[in-house]
1. Which condition number does A60 fail, the rest of (1) crowded, with 16+ Cβ neighbours inside 10 Å; (2) at positive phi; (3) not basic (K, R) being met?
2. Report, ordered by the first and then the second residue, all pairs with beta carbons closer than 6 Å, sequence separation of six or more or different chains, a first member in segment 1-28 that is over 30 Å from M93 (Cα atoms), and a second member that is among the polar types (S, T, N, Q).
3. Restricting attention to segment 32-50, does a residue exist that is loosely packed, with under 15 Cβ neighbours inside 10 Å, touching a residue at least 40 places away in the same chain (Cβ under 8 Å), in contact with a helix residue (DSSP H, G or I) (Cβ under 9 Å, 6 or more places away or on another chain) and closer than 30 Å to R89 by Cβ?
4. Within segment 65-145, which strands (runs of 3 or more DSSP E) (wholly inside it) include 3 or more residues that are modelled with pLDDT of 95 or more and surrounded by 15 or more Cβ atoms within 10 Å (Cβ to Cβ)?
5. Quick check on my filter: what residues within segment 77-104 are more than 18 Å from the chain's Cα centre (by Cα) and not aliphatic (A, V, I, L, M)?
6. Between a first residue in segment 105-117 that is of a type in the set (V, I, T) and a second residue that is surrounded by fewer than 18 Cβ atoms within 10 Å (Cβ to Cβ) and at pLDDT 95 or above, which pairs have beta carbons less than 8 Å apart while being 6 or more apart in sequence or on different chains?
Amino acid sequence: MSTYFPKGQEIKRKWFLVDATGLTVGRLSSAVAEVLSGKNKPTWTPFLDTGDHVVVINAAKAVLTGKKTTQKIYRRVMTTRPGSMKEIRADVMQKTFPSRIIESAVKGMLPKGPLGRAMYRKLKVYEGPEHQQAAQSPEPMQIKL
């Protein structure tokens, strides 16, 4: 008896829509990462991308708990030159680029390497309620609090 591995044609991908209004960033991100990696499906395989597409709307209304708004710092390195690291606090990031908070949280929960990058490409995050994936008719996904 051999282990079943889904073929490329057998993997069916769905589209899900998540409203981030009032949801905690960490709980939202872990649920989205699970769907992107396909761990919610019975055909999940660690080395295959069996996940679905996820569209997150209202990213600006997601909530950070505790003192994260003043103490959490997002860092990015522009070049390899000294002094090129840019730091921005979470409250400033929430005002300027709220979608990047959810994107970075989900990206950190996915596998590292080519497989994780393929999973990350299936994530679309929008600051407001409008999104460009209406033609895919995404199903609403409920996040348990």
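1. Against the list (1) crowded, with 16+ Cβ neighbours inside 10 Å; (2) at positive phi; (3) not basic (K, R), A60 comes up short only on (2).
2. What qualifies is F5/T45; P6/T43; I11/T50.
3. Within segment 32-50, not a single residue is loosely packed, with under 15 Cβ neighbours inside 10 Å, touching a residue at least 40 places away in the same chain (Cβ under 8 Å), in contact with a helix residue (DSSP H, G or I) (Cβ under 9 Å, 6 or more places away or on another chain) and closer than 30 Å to R89 by Cβ.
4. Working: elements: 73-77, 85-89, 123-125.
Answer list for segment 65-145: 123-125.
5. Matches in segment 77-104: T79, T80, R81, P82, G83, S84, K86, E87, R89, D91, K95, T96.
6. V106/Y120
The values are calculated or read from the model by the stated rules, or taken from the named source; none is laboratory data. In this text, all values refer to a predicted model and were calculated from it rather than measured experimentally. So basically every Cβ, Gly included, is an ideal-geometry build from the backbone, and we count neighbours across all protein chains shown.
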